[in-house]
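What follows is one structure encoded as structure tokens, with my remarks underneath.
The values are calculated or read from the model by the stated rules, or taken from the named source; none is laboratory data. In this text, all values refer to a predicted model and were calculated from it rather than measured experimentally. For neighbour counting, all protein chains shown are included, and Cβ atoms are generated from backbone atoms with ideal geometry for every residue, glycine included. Keep in mind that these areas ignore ligands, DNA and RNA; they rest on the heavy atoms of the full protein, side chains included. Shrake-Rupley method; radii C 1.70, N 1.55, O 1.52, S 1.80 Å.
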Amino acid sequence: MTTTTCITAAASNSPAAAASSSSSATTTNTNNNHTDQDGSDPQPSSSSSSSSSSSSSSSSSSSPPPPTNDDTLLLEPLETTKLFPSSSHRDKNTHLTTLQQQHLLSEVMFSTGITTINPSDYTPSFIIKHFILLSILFSTNHGAVVSCLSLATARMGNLGNWQSSILYLSYTLSALLGATLMVKNVGSRNAMLVGMSIYCIYVGCFAVAMAVSSIRNISALLGGLVGGIGGGFLWTAQGSYFARASEEYALAKSLNMEQSSAWLGGIFAGIYLGLEVVMRLFSTVMIRWGWSWMAVFVGYTVLAIVSAVLMVFAKDYPLTEEERVKNESQSVFYKSTVTFRLLWTNAKMKYMVPLSATFALSSVFLTTFVNAEVLRVALGDNNSAYVGMLTSVTAAVGGIMSLVFGYASQRMTGNDLILVIGCLSFFAVSFLFFMYPELSTWNFSWLLLVYTLQGVGRATFEGALKAEFATVFEDKEAAFGNIIFQNGLVTTLGFSIAANSKCSQVGYYCIEFKDHGLHNIMVLEVLVMVSAVLAIAGYQRAKMIYIREREEHEMESRLLGEDHLL
């Protein structure tokens, strides 16, 4: 990517500034620190300097140079040379940009929350290639985890509910108290590597629980505790990496941050959910081939370990100079609690909570009730053979719709309509069982619809919601830490409600589970529906606040720009 630059002194009414301006020279060059977008070698730089007579003539006047005939603006060095210094060899010159380019840079600067900007050192193809590699490895590792999670209740009964509750409790606490510290200290790629390694222990504990019955309970609960910590690290780091890659891609492709994050969010969600399809089908296929459940969980463990090891080949974006300075100025306590601080002080974040809560509650409902009991009663699936196949439908629909939504949000709709569609899909999942509670009347076609609706809703959570967080909030680690905290806390409560919502007599909403306990499933159904309605209203309010802040910022930018030209 080539960039035209010029050196100029700041305009000012002070004599000192006028003297400084009078002695400045104008230079035009091509920034040869960056490769072209097609990956070819950069062209040799060319430069020309103004003559001494021209400089002398310039020094006799204190007025600023006249505007050029292509409507360009001269930006001061302080304003344009600090953002995204991804490598230490960045050119310190200022940049000559058109009015249209300046407006685009202003949008990127506001959406990222940083006040100074530099072009990306990476080509778009380089950014996309490493983003896809990281997404594949991340998705393989996490696909093994969620496949085991969806089988926890089906294979271990109420012990699976307690294991999942502990998993999400430790997941929530790690996001609240330690994950942001890890990411800020070691970087997002390395923090993901740590999280994926810990996740391997969680998956391995399933194999141990199946193999050694005497330590089944200890293995399951310990795996949940450790796995939650890994999840907190992993998802906070993934959000930080996603935001940084989106920033670099926005600059490399001359997009605004919302377009860039929507496109990369669609790519990630498509890969993530697509590979989840493969990982979930793994259990169904292997069981039909005669594998034992212990062998299936060993297979998941091997896949998780291999993906974690290969993570070292993904691009590790170094901390920027601004990030390093900011980290050094912040205490360990501040970095450890920045997630909670953002939730407590930021009005937009409070209104976004129901969005994360809706996905969490709907996932709990599907895992603890539909996977474990509805399939058993409606389809006679006592060996959980349909769990992998139908949950893979959810992932497949989510993967396809993530790409569709990513394209639509970039080209047509934005994220607003897409998030509303997701909330309505989650609402419909519970509403169908609320209206038709007799499980014996359900068949494969209706269940396929339920898992499809869950996939549509999940596509909005994995893609559009995270793209919106990357755009709306300045501190990316704190913002994505909040997604984890909110999702983890509500999921923990959801599993606890599922395990403890007892009833006394079998009925439409009082279901006898596989472990012979009676559970009231209406509680979760109502919670999902109420949360979905609140999510739509809360998001609209948060977006109104964001738009108002953006308009105020743009007004300030215009005023500062006009002052600069005086």
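Quick rundown of the values:
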read-out	value
Search result, residues across segment 194-215 that are part of a helix (DSSP H, G or I), surrounded by fewer than 24 Cβ atoms within 10 Å (Cβ to Cβ) and of a type outside the set (Gly, Ala, Ser)	Val194, Ile198, Ile201, Val208, Met210, Ile215
The one condition in (1) of a type in the set (Phe, Trp, Tyr); (2) under 22 Å from the mean Cα position of the chain (by Cα); (3) not in a helix (DSSP H, G or I) that Tyr539 fails to fulfil	(3)
Those residues of segment 251-284 which are among the charged types (D, E, K, R) and over 20 Å from the mean Cα position of the chain (by Cα), in sequence order	Lys253, Arg280
Options Val420, Val429; residue that is crowded, with 24+ Cβ neighbours inside 10 Å and touching a residue at least 40 places away in the same chain (Cβ under 8 Å)	Val429
Hey, Tyr272 open to solvent by less than 30 Å² (accessible area, probe 1.4 Å), part of a helix (DSSP H, G or I) and either hydrophobic (A, V, I, L, M, F, W, C) or in contact with a helix residue (DSSP H, G or I) (Cβ under 6 Å, 6 or more places away or on another chain) (or both) or not	yes
Condition met for Ala459 (within 18 Å of the chain's Cα centre (by Cα), within 18 Å of Lys348 (Cβ to Cβ), crowded, with 19+ Cβ neighbours inside 10 Å and of a type in the set (Gly, Ala, Ser))	no
Within segment 501-535, tally of residues that are without any contact (Cβ under 8 Å) to a residue 40 or more places away in the chain, in a loop (DSSP other than H, G, I, E, B) and open to solvent by 60 Å² or more (accessible area, probe 1.4 Å)	4
Any chance Leu176 is at pLDDT 85 or above and under 30 Å from Tyr334 (Cβ atoms)	no
Flag if Glu462 is within 26 Å of Cys148 (Cα to Cα) and charged (D, E, K, R)	yes
Any chance Ala498 is under 19 Å from Thr153 (Cβ atoms), assigned to a helix (DSSP H, G or I) and open to solvent by less than 20 Å² (accessible area, probe 1.4 Å)	yes
Lone qualifier among Ser363, Ser283 - being part of a helix (DSSP H, G or I), in contact (Cβ under 8 Å) with a residue 60 or more places away in the chain and open to solvent by 20 Å² or more (accessible area, probe 1.4 Å)	Ser363
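This table checks each residue for (1) free of Cβ contacts under 8 Å to residues at least 40 places away in the same chain; (2) of a type outside the set (S, T, N, Q); (3) under 27 Å from Val312 (Cβ atoms).
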position: Gly187; (1), (2), (3): no, yes, yes
position: Met196; (1), (2), (3): no, yes, yes
position: Tyr202; (1), (2), (3): no, yes, yes
position: Cys205; (1), (2), (3): yes, yes, yes
position: Ser213; (1), (2), (3): yes, no, no
position: Ile218; (1), (2), (3): yes, yes, no
